[in-house]
1. Does region B:98-453 classify as rounded, prolate or oblate by the C-alpha gyration tensor (a ≥ b ≥ c root eigenvalues; a/c under 1.5 gives rounded; else a/b over b/c gives prolate, otherwise oblate)?
2. When the C-alpha atoms of region B:256-302 are aligned to their principal axes, what extent does each axis show, in angstrom, from largest down?
3. Can you give the mean number of other chain Cβ atoms that lie within 10 Å of the Cβ atoms in peptide B:371-383?
4. Using Cβ contacts closer than 10 Å as the measure, can you line up B:251, A:127, B:355 from fewest to most?
5. Taking the alpha-carbon centroid of each part, what is the distance from region B:116-140 to region B:219-277 in angstrom?
6. Taking other Cβ within 10 Å of each residue's Cβ, how do B:306, B:373 sort, fewest first?
7. Mind putting together the pair-distance distribution for region B:53-134? All Cα pairs, 5 Å bins, whole percent per bin, short to long.
8. Nearest 0.05, what FRET efficiency do residue B:316 and residue B:429 give at R0 = 35 Å with Cβ-Cβ as r?
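Quick note: the coordinates plus some simple rules give every number you see, no bench work behind them. What you see is a predicted model, and the numbers here were worked out from it, not measured in a lab. Using ideal geometry, Cβ is built from the backbone for each residue, glycine included, and neighbour counts are taken over all protein chains shown.
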């Protein structure tokens, strides 16, 4: 990671001291503090990596005003679990071959990690992952949500996600005609 | 430092943040987006969870087409995400191939789509001319290439219903139109020639719908034609020659002098074509003057094998040989009646550093093949958990069978490379034998107005 060289000496010293710590402290919107491995945070989150490299990590807790404590706890939990799991070949390859890498199926532990979440917690975690540039976590959470839609009729999907059918009768008829082939008889 | 340019919202932002010295301040400013505010509004209205549209698009892109269509109709905001996904030119979708077919029971204007992922059949209504009156000569990027009763070619996306007319068959050198006294096209004159020979038999006069069975073998696309920017290449008779056309062209361009082509694969505008003798030729169709380069020279092989070229997920080029039990029968009459079955699939890695240039591999490992009258595909079963690794999913593409023995039972199934056994995909058989069923990677993308204009 390239460090900006045009900084004052004091800042350099501060950065060196910061670099010595192997965790970073993150602060949720409701003021709770969480410690996370610096290595895992930098590896899994492009935004945290950028902040660590740019020296804008606050020792007293870096403010993440958009992320609630429950979602941040899950983010930190995911980073720590990820740091402890042996990265599989699939994950390594997806991290090198950027553009062309298609989605890789979640690992067993990643599945378990998202399976235990409530719907609200899952959706909050998707937003947190998106916000922090955590591509793998975003993939895994999006995959979980897509699994919840599979093999279901539109009505069944509405029920699962508690979504109101906000179409007018005419719109609904139009959609039925256009897409009738894929509808299950509900 | 590289950043994956995936669906992530902030891929540009992250770079900006890196470049910024006061980045935490900037971050706060940059990320105060509508999305996070609207969430609380929708929660108040208890309309269920809300996510920004590009995340919904990312979730939707993981769904098989039928699931995608159903989810895309759930509510107005999900529909907006679905529509956006279907109109974004390069959105990444990961669709498991389906078998596309016609049958008497679903009518002349419909196609059946059998989803391998769901093990379920769907019926799609497709635009005229009636699909049962056409022949299917190719399938690439979710589009099929069809030949209608006038032997004219079309591109058709059975999911979106979009259709594009290809240059007239009369612009192919071997074909001349014949008009009646009223000036109406009534027949074609078909002259058999290649660059270095001309048939001794005089040109043949053919009915409009007969020409297609004499002329067309297979067709392939360089990219999804919904953007308007594509190349279509045709393997046609006599002698399995190549002609191509770019999106918007009004005529076919002949690619002499080589013949005996069996399968094609594009990499951008580079065309890799393999011949019955195992040669691999490369043409740069993006260059003003098309030059041919020999990638691989002749490999001795049996005439009973069909040959395919495909790129493995790892990037390696594979040459596939497919043999059947045809040679066990000899009388032509017998041929047309006895069902034919694939008996072996051999996989060779094209390795130009090795002495023989081809290295036989015993197994596809995690990979899965799709071969037939479609653009040959090699996918990784890890990314398509419904597919069986080390299997080849087959449809029929033998010229004689598909074009002449139209009622013959098609050689379709999932072939296990481990034990050389072929299994039925679904029973009872859903499809008619003609037009021949093909593998299709469903593609919901609709044509941009620019492309439909052409």
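1. On the way: a/c = 1.32, a/b = 1.17, b/c = 1.13.
It comes out rounded by the Cα gyration axes.
2. 36, 20, 14
3. 1
4. B:355, B:251, A:127
5. Here the answer is 22 Å between Cα centres.
6. Working: B:306 19, B:373 24.
Listing B:306, B:373 from fewest to most nearby Cβ atoms yields B:306, B:373.
7. In whole percents, the pair-distance histogram is 3, 14, 21, 17, 17, 16, 8, 3, 0.
8. The calculated FRET efficiency here is 0.50.
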